[in-house]
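*Asks:* Here it is: the structure, laid out below.
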Amino acid sequence: MAKATITYQVHPGVAMWDAIVRNLKAKTGKSLEEWTVLLKKQGPVTVPEQKAWLKEKYGLGGSTVGAIVDHARGADEELTPDAYLKNAPVYVDQLFSGPKAHLRPICDELLELATSFGDDVKVSPCKTFVPLYRNHVFGQIKPTTQTRVDLGLALGDAKTSKRLIDTGGLAKKDRITRRIELTSAADIDAEVKKWLKAAYDRDGQ
């Protein structure tokens with residue numbers, strides 16, 4: 001059976017960066033380019049010093065400062081929504097390439113399953129894993145080794161079977177608290193489907 005085509009959505013981090021940039025002029029009186037010119041002309045050289053200078057001299061918040069400094073050093077080229085959406089499928093292809101290429105069917109099957117839960121499921125790949133969002137991250141797909149994909153799940157302190165491995169996330173205040181090891185698409189059985197759906201449902205509460 002042919003796999004459903006997955007549409008990727010802008011990563012929340014990229015969306016936040018875009019909102020900061022769009023609102024910068026109204027919020028601070030200067031556009032991103034104007035802040036960049038000021039930083040390069042009057043600011044210090046190193047990144048830590050630049051961030052401290054913008055915070056102390058102008059009272060800017062951490063996210064705003066990060067956007068300005070990243071732009072000044074050309075580190076934000078992939079942070080625009082258009083650039084991200086262009087790169088998103090590349091991230092997935094690169095994750096499942098070379099010795100990990102044979103693991104791609106696991107990812108495809110999990111994405112098809114997750115997106116079947118509702119139109120509010122968002123898939124926003126990163127360079128190291130593929131997170132699944134509803135209101136927050138409820139799952140993540142990561143080719144951890146050349147023979148295994150880990151399906152991470154945001155299940156809080158839910159009681160689960162021994163197959164679901166404790167990630168230590170609860171103690172660390174991470175959303176992902178359990179993971180399931182998968183070595184082939186055949187491992188995506190009723191129990192995997194049950195807990196992935198449970199993580200999705202939990203994020204809607």
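*Asks:* Please give me the summed charge of the neighbours of LYS127: other residues whose Cβ is under 12 Å from its Cβ, Lys and Arg +1, Asp and Glu -1.
*Replies:* -1
*Asks:* For LYS86 and SER63, calculate 0.36 nm times their separation in residues minus their Cα-Cα distance, and state this gained length in nm to one decimal.
*Replies:* So the chain would gain 5.9 nm between LYS86 and SER63.
*Asks:* In Å, what Kirkwood hydrodynamic radius results for the chain from the alpha-carbon pair distances?
*Replies:* Every distinct Cα pair counted, the radius reaches 19.0 Å.
*Asks:* Right, next: Taking neighbour counts of Cβ atoms within 10 Å as a proxy for exposure, in what order, fewest first, do HIS71, HIS136 appear? Walk me through the numbers before you get to the answer.
*Replies:* Working: HIS71 19, HIS136 11.
The order, fewest Cβ neighbours first, is HIS136, HIS71.
*Asks:* Roughly how big is the chain's charge dipole about its Cα centre, with Cβ charges of +1 (Lys, Arg) and -1 (Asp, Glu), in debye to the nearest 20?
*Replies:* Using only the charged Cβ atoms, the result is roughly 520 debye.
*Asks:* Related question: If you put +1 on each Lys and Arg Cβ and -1 on each Asp and Glu Cβ, how big is the dipole of region 1-95 around its Cα centre, in Debye rounded to 20?
*Replies:* 320 debye
*Asks:* As an exercise, use a Förster radius of 45 Å and the Cβ-Cβ distance of GLU56 and ASP189 to find the FRET efficiency, rounded to the nearest 0.05.
*Replies:* Result of the calculation: an efficiency of 0.20.
*Asks:* A further question on this structure: Any idea which of GLY13, ALA88, VAL37 is furthest toward the positive side of the dipole for the chain, if Lys and Arg beta-carbons carry +1 and Asp and Glu beta-carbons -1?
*Replies:* Value computed over the given set: VAL37.
*Asks:* With r defined as the distance between the Cβ atoms of LYS40 and ASP120 and R0 fixed at 35 Å, what FRET efficiency is calculated, to the nearest 0.05?
*Replies:* About 0.25, to the nearest 0.05.
*Asks:* Another question about this same structure. So if each residue of separation counts as 0.36 nm, and I subtract the Cα-Cα distance between ARG73 and ALA15, what length gain in nm does that give?
*Replies:* Extra length available between ARG73 and ALA15 comes to 18.9 nm.
*Asks:* Please find the FRET efficiency linking THR128 to LYS30, where r is the Cβ-Cβ separation and R0 is fixed at 30 Å, and quote it to the nearest 0.05.
*Replies:* Efficiency at R0 = 30 Å is approximately 0.30.
No lab work stands behind these numbers, since they all come straight from the coordinates. Values in this document were obtained by computation on a predicted structure and should not be read as measured data. Note that we place each Cβ from the backbone using ideal geometry, even for glycine, and neighbour counts take in every protein chain shown.
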